[in-house]
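Below: one structure, written as structure tokens.
The values are calculated or read from the model by the stated rules, or taken from the named source; none is laboratory data. Model, not experiment: these values are computed from the prediction. Don't worry about glycine lacking a Cβ; one is built from the backbone with ideal geometry, like all the others, and counts go over all protein chains shown.
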């Protein structure tokens, strides 16, 4: 197969041949002593020969081009662009400037997983503007985002990498482990120390806390896997929050209205209904969209603040000072404040709203919200423990059991 450069050389040789013929024609005209008629005849003959030679040469070139086109083949599986890959290499300077290099993994047509393994080991964090739309949640966090990682193994390996979700993952992962340990210790105590009834009441709180923290940790780990996985675990995360609020109400209402059967059953029933409604709202597809962040915070804040009603009710029946001592109202108020502050920071996205790009990795609102949730859960555990201790020591109820009437 001849290249295009060879064809150009052939065209150049034809041009040179024409120039030489013209010079020969000029020289013949000068040496001919018979006058213009002989010179013209010589020139005409030479020109005719030149044109004939040029036509034959062009025909040869045309035939050779046709031969090249016949021999050319289509793009085959053995062809590769590996020699030109340097043109597509990632610009390190640009990546360091704004984390623009957020390459997505290629999808190999064969069954080999070599490219996937290389991708899992070499992915880089991204700038917010380079994320796909389904991963764009907080535009005040500029750098350090994980790219889409369509592999569960890669997502769980990212736990040990530094990115915007690192703090969110570890805060609730450690909280999940801590509450799981406390729950196992509490449930496995002998009945002489802790009665079965008390284990069931505290078990509701432990289940809510463990499920909430576990779902939250899983969501923040797998949110970058795909649109479907992110949406699924986002719903589970919100359902976990509803279960935590429900579980927190159970021991407080049980020990707070320990001797008042009717209001205890009513309030527990209302809490269960509100919890189910919150779970239904959490399963709504649009509920997890970034634009509905204030609505999410408002739903769970309203659910939590509904506990003010039974607190006021108990203070009227038993007296304020009695409630402060027996019901450990101070701990419950502190718990509510921690939840409310965390929800407000989450909804307003403070402090990154005030300093965009300064809290990309550490100190962002979601991390503060996670820490306050864990602190509030432990404060609540301490408060209901004091309430349980008081009821165990003074378990005699002077108030007769009242029938439930409406």
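Before moving on, here are some points about what is shown:
- Qualifying residue in region 187-208 (condition: under 15 Å from the mean Cα position of the chain (by Cα), under 27 Å from residue 286 (Cα atoms) and at pLDDT 95 or above): no
- Exactly one residue among 336, 275 is more than 19 Å from residue 374 (Cβ to Cβ) and within 36 Å of the chain's Cα centre (by Cα), and that residue is 275.
- Top-ranked residue of region 186-214 - restricted to ones that are free of Cβ contacts under 8 Å to residues at least 24 places away in the same chain and surrounded by 16 or more Cβ atoms within 10 Å (Cβ to Cβ), ranked as farthest from residue 248 (Cα to Cα): 194
- The residue list 330, 298 contains one member that is surrounded by fewer than 17 Cβ atoms within 10 Å (Cβ to Cβ), closer than 18 Å to residue 388 by Cβ and without any contact (Cβ under 8 Å) to a residue 60 or more places away in the chain, which is 330.
- Scanning region 260-287 for residues that are closer than 14 Å to residue 313 by Cα and not in a helix (DSSP H, G or I) yields one hit, 260.
- Qualifying residue in region 247-259 (condition: modelled with pLDDT under 90, surrounded by fewer than 20 Cβ atoms within 10 Å (Cβ to Cβ) and either over 32 Å from the mean Cα position of the chain (by Cα) or over 24 Å from residue 176 (Cα atoms) (or both)): yes
Residue by residue, here is whether (1) free of Cβ contacts under 8 Å to residues at least 40 places away in the same chain; (2) within 23 Å of residue 166 (Cα to Cα) holds:
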site: 216; (1), (2): no, yes
site: 230; (1), (2): no, yes
site: 270; (1), (2): yes, no
site: 283; (1), (2): no, no
site: 288; (1), (2): no, yes
site: 292; (1), (2): yes, no
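- Checking 342, 336 one by one, the residue that is in a helix (DSSP H, G or I), modelled with pLDDT of 90 or more and surrounded by 14 or more Cβ atoms within 10 Å (Cβ to Cβ) is 342 and no other.
- Criterion: within 26 Å of the chain's Cα centre (by Cα) and buried (at least 21 other Cβ atoms within 10 Å of the Cβ) - qualifying residue of 282, 226: 282
- Where residue 144 falls short, out of the listed (1) surrounded by 16 or more Cβ atoms within 10 Å (Cβ to Cβ); (2) out of contact with any helix residue (DSSP H, G or I) (no Cβ under 7 Å at 6 or more places or on another chain); (3) assigned by TED's automatic domain parsing to the domain that holds residue 224: (3)
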